[in-house]
Amino acid sequence: MTVLTVQGGTPRQAQSQEPDVVEELLQLDTQAALLAARKKIVGPLDVPGPVVTHGTENILLAIYGVGPSLSAEVLIDAEPHIFKNKHSQAISGRSVAYTLERIDPPCIHLKRHEHSETLCLGQIFP
């Protein structure tokens, strides 16, 4: 989008926002939502860096999307991860030990080595 401004009687083109700015704002909003979800699950974050909890349970925070474009947000070892349908590895997060088998709302199926784990919204199944 180009905007014309008049300065001193001469029309000038004003720079419109670059697409990078919008993308950066969306990323910041996503990070803030993940941080808020993590705070809700594990409590306030007094120390910067990864959250440390006493339990080793993985927690499914959310499943969202439509049809084959589903995504799942999971706390794995208290670290947020995002899995997308049709991608076996997490698209965000540090752990590569878990792979996604499938997203089947309200549950997701993860695999670590030969061990399968099913996480459902509000509950955990071994």
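If you stretched the chain out fully between THR30 and ALA97, how much longer would it get, using 0.36 nm times the residue separation minus the C-alpha to C-alpha distance? It would help to have the intermediate numbers written out before the result.
Details: separation 67, 0.36 × 67 = 24.12 nm, distance 2.35 nm.
That works out to 21.8 nm of additional length.
Give me the 1.4 Å probe accessible area per residue for segment 69-126, excluding ligands and nucleic acids, in Å². Let's see the in-between values first.
Values: 3210 Å² over 58 residues.
Each residue of segment 69-126 exposes 55 Å² on average to a 1.4 Å probe.
Sorting ARG102, ARG94 by accessible area (1.4 Å probe), largest first, what list results? Walk me through the intermediate numbers first.
Values: ARG102 115, ARG94 165 Å².
Largest accessible area first, the residues go ARG94, ARG102.
Which ³J(HN,Hα) values, rounded to whole Hz and listed in residue order, are derived for segment 60-74 from phi using the Karplus coefficients 6.51, -1.76 and 1.60 in 6.51 cos²θ - 1.76 cosθ + 1.60 with θ = phi - 60°, glycine and proline given as x?
Karplus values, whole Hz, x for Gly and Pro: 7, 8, 6, 10, 8, x, 10, x, x, 9, 8, 10, 9, 9, 9.
Would you rank ILE91, ILE76 by solvent-accessible area, highest first, keeping every protein chain in place and using a 1.4 Å probe? Could the numbers behind the result be given before it?
Numbers: ILE91 95, ILE76 5 Å².
These residues rank, largest area first, as ILE91, ILE76.
In a shell of Cβ-Cβ distance under 11 Å around HIS109, excluding HIS109 itself, what net charge do Lys and Arg (+1) and Asp and Glu (-1) give? Don't skip to the answer; put the middle values down first.
Values: positive: ARG102, LYS111; negative: GLU101, ASP104, GLU117.
Here the count lands on -1.
Excluding HIS81 itself, what net charge comes from residues whose Cβ is under 10 Å from its Cβ, given Lys and Arg +1 and Asp and Glu -1?
Details: positive: ARG94; negative: GLU73, ASP77, GLU79.
That works out to -2.
I'd like the Karplus ³J(HN,Hα) series for segment 100-105: coefficients 6.51, -1.76, 1.60, θ = phi - 60°, whole numbers in Hz, and an x wherever there's a Gly or Pro.
Listing the rounded values in order: 8, 8, 6, 10, 9, x Hz.
Please list LYS86, LYS111 in order of solvent-accessible area, largest first, computed with a 1.4 Å probe with all protein chains present.
Numbers: LYS86 165, LYS111 65 Å².
These residues rank, largest area first, as LYS86, LYS111.
Count the net charge of all other residues whose Cβ sits under 15 Å from the Cβ of TYR98, scoring Lys and Arg as +1 and Asp and Glu as -1.
Working: positive: LYS84, ARG94, ARG102, LYS111, ARG112; negative: GLU57, GLU73, ASP77, GLU79, GLU101, GLU114, GLU117.
Net of charged neighbours comes to -2.
The values are calculated or read from the model by the stated rules, or taken from the named source; none is laboratory data. Please read all numbers here as calculations on a predicted model, not as lab measurements. Glycine gets a Cβ as well: all are built from the backbone with ideal geometry, and neighbour counts include every protein chain shown. Just the protein is used for accessible areas: all its heavy atoms, side chains included, with ligands, DNA and RNA removed. Shrake-Rupley method; radii C 1.70, N 1.55, O 1.52, S 1.80 Å.
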